[in-house]
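Encoded as structure tokens, the structure appears first; notes follow it.
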Amino acid sequence: MTKLIKRASAEARAFRNKQSAAPAQRISRAKTRASRDEDDFSDVAKASLIEAPRKPRFAPVTFSEEGGVRYLHFGTEWVQGAMRLSKPDHIELEYAQQMMAWLLFLETPDRIVQLGLGTGSLTKFAHRFLKRAQVEAVELNPAVVIAARTMFSLPADDARLTVRETDAWEFVNDRANHGTIGALQIDLYDATARGPVLDSVAFYRAARACLTQAGVATINLFGDHPSFVRNMKRLNEAFDGRVIALPEVHDGNRIAIAFSGPAIDVPFKQLQERAKLIEAKLALPARKWVKGLQESTGQSDTFAI
């Protein structure tokens, strides 16, 4: 395998490199997406009637290894996921760990769904350690599913684990999924370094519709990238302003947390106690998440959203 290694902020670093090489060059979004990105409508139920699903274009799935870590690529040097070979069920990348920050606010829900499989790190983790939950992943590219199974130790489907080869857009607009998901983790990227491949208000509204009354969504965004402001604006529109982004990790990713259901008003001291429990049981750096929430909100005593 080649050893073209970049850290977790695959597309964010790609954008910075392009900007430094050609300052005058601007990355424009494809015309085929422009109209649906700007669509705005008042009823979640109408989303599937207004915005057409994307046409898949798959980049080659490639791999590399360095320092005991195996990486997933989509035909470029940019990392799409990683697994430490000695700890296949461990979440290796910091931003991926932050995608589990919903644990600060929820007990293990009945249903956990990942949109965009990648190496399957979040799916494997939930399947192994969150025994109460039905765990599902949605992935459009069959080659990514094969790679996750054969190269990244994703188990075969069983009574608690289901991998669905379908489009995330179709999944969130399937009314059978509405109101059924406690934790929804969204990580939808390709090899083009242009931000999430599904990022319209319509998509985020349909994603919200999938959540249970007190459900939480986490979304992987690029902090140092034009897509960040756009996505935060659309998330806030879809979730009525109940969105917070954790501070940028050292590789450029920022995880947004979007809340459904009743307002939250919880002392940070209580979140710290919850974080200690998560660290003891799951070995995730949850106290860093609480510190990040304090930094992002500017609140010191209470987290309110």
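To keep it simple, each residue is scored yes or no on (1) without any contact (Cβ under 8 Å) to a residue 60 or more places away in the chain; (2) of a type in the set (D, E, K, R).
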| residue | (1), (2) |
| --- | --- |
| ASN220 | no, no |
| ARG234 | yes, yes |
| ARG242 | no, yes |
| LEU271 | no, no |
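Exactly one residue out of ASP187, ASP158 is among the charged types (D, E, K, R) and either in contact with a helix residue (DSSP H, G or I) (Cβ under 7 Å, 6 or more places away or on another chain) or surrounded by fewer than 21 Cβ atoms within 10 Å (Cβ to Cβ) (or both): that is ASP158.
The residues on offer are ALA202, ALA207, ALA137, and the sole one that is under 21 Å from ALA82 (Cα atoms), buried (at least 24 other Cβ atoms within 10 Å of the Cβ) and modelled with pLDDT of 95 or more is ALA137.
Candidates are the residues of the range 219-270 that are of a type in the set (D, E, K, R) and assigned to a loop (DSSP other than H, G, I, E, B); the one that is surrounded by the fewest Cβ atoms within 10 Å (Cβ to Cβ) is ASP240. Output yes when any residue across the range 184-198 is among the hydroxyl-bearing types (Ser, Thr, Tyr) and within 16 Å of the chain's Cα centre (by Cα), and no when none is. Checked against the condition, which is being among the hydroxyl-bearing types (Ser, Thr, Tyr) and within 16 Å of the chain's Cα centre (by Cα), the range 184-198 yields at least one hit.
Listed here are the residues, each with its yes/no results for (1) in contact with a strand residue (DSSP E or B) (Cβ under 7 Å, 6 or more places away or on another chain); (2) within 30 Å of ARG274 (Cα to Cα); (3) modelled with pLDDT under 95.
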site: HIS73; (1), (2), (3): yes, no, yes
site: THR76; (1), (2), (3): no, no, yes
site: MET83; (1), (2), (3): yes, yes, no
site: GLN98; (1), (2), (3): yes, yes, no
site: LEU115; (1), (2), (3): yes, yes, no
site: ALA126; (1), (2), (3): yes, yes, no
site: LEU161; (1), (2), (3): yes, yes, no
site: TRP169; (1), (2), (3): no, no, no
site: ASP174; (1), (2), (3): no, no, no
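The values are calculated or read from the model by the stated rules, or taken from the named source; none is laboratory data. None of the values given here were measured: they were computed from a predicted structure. Glycine also receives a Cβ, built like all others from the backbone with ideal geometry; neighbour counts cover every protein chain displayed.
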